[in-house]
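As structure tokens, the structure follows; a few thoughts come after it.
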Amino acid sequence: MNVIVCVKQIPDPALPGALDGATNTLKRDGKLILDDSDAYGVEMALQLVDAAGGGEVSIISMAPNGETAGMRTALAMGAAKGILVSDPALQGSDALTTAKVLAAAVQRLGGADLIIAATESSDGYTGTVPEQMAEVLGLPSVTFAKKVKIDGGVLKANRQTEEGYDEVECALPALISVTAGVVEPRYPSFKGIMAAKSKPVEEVTASDLGVTPAGWAGAGQKVTLVAQAEARQAGEIVEDDGESFGKIVAFLENLKVI
Amino acid sequence: MAINSVWVFAQVTNGAATTGTLELLTKARSLSSNVTAVLGGDASGVAAQLGEFGATKVYATGDLAGKLPGVAVSGAMKAIIDGGDKPDLILFPQNYEGRDVLARLSVKLNKSVLTNSIDVAVDGDAVNATTPIFGGNTLVTTTFTGEGPYLVAFRPKSFTAEASGGAPAAITAAAVPDLGATGGAKVTAVHVEESTGPKLDEANIVVSGGRGLGEADKYAMVEELAKLLKGAPGASRAIVDAGWVPYSYQVGQTGKVVKPSVYIAAGISGATQHMVGMKGAKNIIAINKDKEAPIFGIADLGIVGDVHKVLPKLIEALKGR
């Protein structure tokens, strides 16, 4: 069983985000790391391939400046190889273009039995790329999967809903997006980290994939204003002296909610 | 470009249109008198309600027979558009089904999407959507260019649902076309997770716990406090990721958006991911050990202290009332 995992390499979420003054898009020129959300998909893929008793996990990513640091983390966890799409012409790509690029990368790998992505990235969080990829590739999809297994060549997943969850069965090949916490991602071992350094990562451009970058003009939308939201003011801050619960009780009483 | 026709992706639960649907219809009718709801399911029970909130017409697919709405409803929408009824703008709720339908349709129409928005307005020839970023500190206005339909998803509670007293929406059947391989997924069972007390996104009081609780067992304090206040328990992404509570408890950018009268954050530092989901609360109480925690920057009452000491005393005091 072969599985392809889509991963995003993002600016460290612990650092404050910033916009590029010229283009009003997220600044992504610093060091990039593997999006935490994607570690779940990588782990899920490794477990499914293990359970199938054969096959491999490949990683695909789109990032500026030939960045592979985040992909190496996924390779260190146990993925076999990767494709990085890095092309200045793709800068500012919207979710639809990203989906077309990643779908082309899937095809360059010859497809797979299963494609896994996170439900959304932690930096841009448009949250549509997986389902858009499925449509581009003509595949069925199960989004927001929180439990996944392959049983007799059929994918069985529990899909998050507003009221609870649905059990869904899906023919392969298919694409799924997985929620955080679906599995416990492993930490890369020292051996894994060393091995990852020599695993193949092919770097390609949009034209290598036969995708015409839409760029700024093709996005069908442009940012026309960036403004600060009205800030919420801080109120009373008190150090707990053992009796501060009384402050909360009084606050709630004042609001007449107790 | 002027907006002549607006569609809303409508959802029904327990025989009634969802609050999110009514919010979007209310917004849609402020933009155009020609508002159409598109529903993956049977509309006979909700046509009156959809009309009351502004829809003049509803396209309904009828029972989806286990097909996932993402592929089925987007397929039906594409067929309607190909048939000549083309809207200028389609509004989607930012939720599981809304995102799937939006994403599939964007590929079928080769149109960009805008998600996580909180407002949309027509200004002369420009259609502008507003989207908060960086935890809501910054508002970005995006102007659509070129030909519609423009596709936008909105966070819950972006608009207030208000009935307009319109006549029942006229029901038109919308066929789901042959989905081929993309229709390969089927729902085989539906599970409703019963929760007692009010729903997280509708509760008047929300008590949320975070990493500062230290361990999963301590979440019981959050649940107990929520119950005493007749509120709903919530959680930060950190403890959902850690598996302490289900995803449905998550408040934040990738979880629920809540706007209760009172929000109590216990052991939550206030990552932007979390704040974007709760800063619309009327009153915020925060309890955290770290006085530098960002949550104190937006709290009306901040207690710098250990949740393990403050919460038990608060719970005792409320029990004694």
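Data table
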quantity	calculated
The stretch A:48-143 - Debye-derived log10 I(q)/I(0), Cα point model, q = 0.16 Å⁻¹	-0.71
Dipole axis of the protein assembly as shown (+1 Lys, Arg; -1 Asp, Glu on Cβ), positive-most option in B:ALA299, A:VAL148, B:LEU105	B:ALA299
Span from the the stretch B:28-45 Cα centroid across to the the stretch A:95-170 one, whole angstrom	29
Kirkwood Rh (inverse of mean 1/r, distinct Cα pairs), chain A, angstrom	20.2
Peptide-level mean, for B:109-118, of C-beta atoms on other protein chains within 10 Å	5
Peptide B:233-242, shielding by other chains (average Cβ, 10 Å cutoff)	2
Shielding by other protein chains, B:268-276, mean Cβ within 10 Å	1
Approximate shape of the stretch B:6-183 as ellipsoid semi-axes (Cα gyration tensor, √5λ), whole Å, largest first	23, 19, 15
The stretch B:205-319 - Rg and Dmax from Cα coordinates, angstrom	12.3, 34
Descending semi-axes in Å of the stretch B:163-254, equivalent ellipsoid built from Cα gyration tensor	36, 22, 12
Cα pair distances in the stretch B:200-249, grouped into 5 Å bins until the bin that holds the longest one, percent each	5, 26, 32, 24, 12, 2
Sorted peptide list for B:26-33, A:78-85, criterion being average Cβ within 10 angstrom, highest first	A:78-85, B:26-33
Fraction of antiparallel bridges per DSSP, the stretch A:14-165 only, in percent to nearest 5	60
Packing rank of B:165-173, B:268-276, B:113-121, where each peptide gets the mean count of other beta carbons within 10 Å, highest leading	B:268-276, B:113-121, B:165-173
10 Å-binned pair-distance histogram of the stretch B:24-122 (Cα, whole percent)	14, 48, 36, 2
Coarse-grained scattering of the protein assembly as shown at q = 0.09 Å⁻¹, given as base-10 log I(q)/I(0) from a Debye sum over alpha-carbon atoms	-0.70
For chain B, share of DSSP beta bridges that run antiparallel, in % to the nearest 5	25
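Read-outs throughout are calculated quantities, based only on the coordinates presented, and are distinct from any laboratory measurement. From a predicted model like this one, the values you see are computed outputs, not experimental measurements. Neighbour counts run over all protein chains shown; Cβ positions are idealised from the backbone, glycine included.
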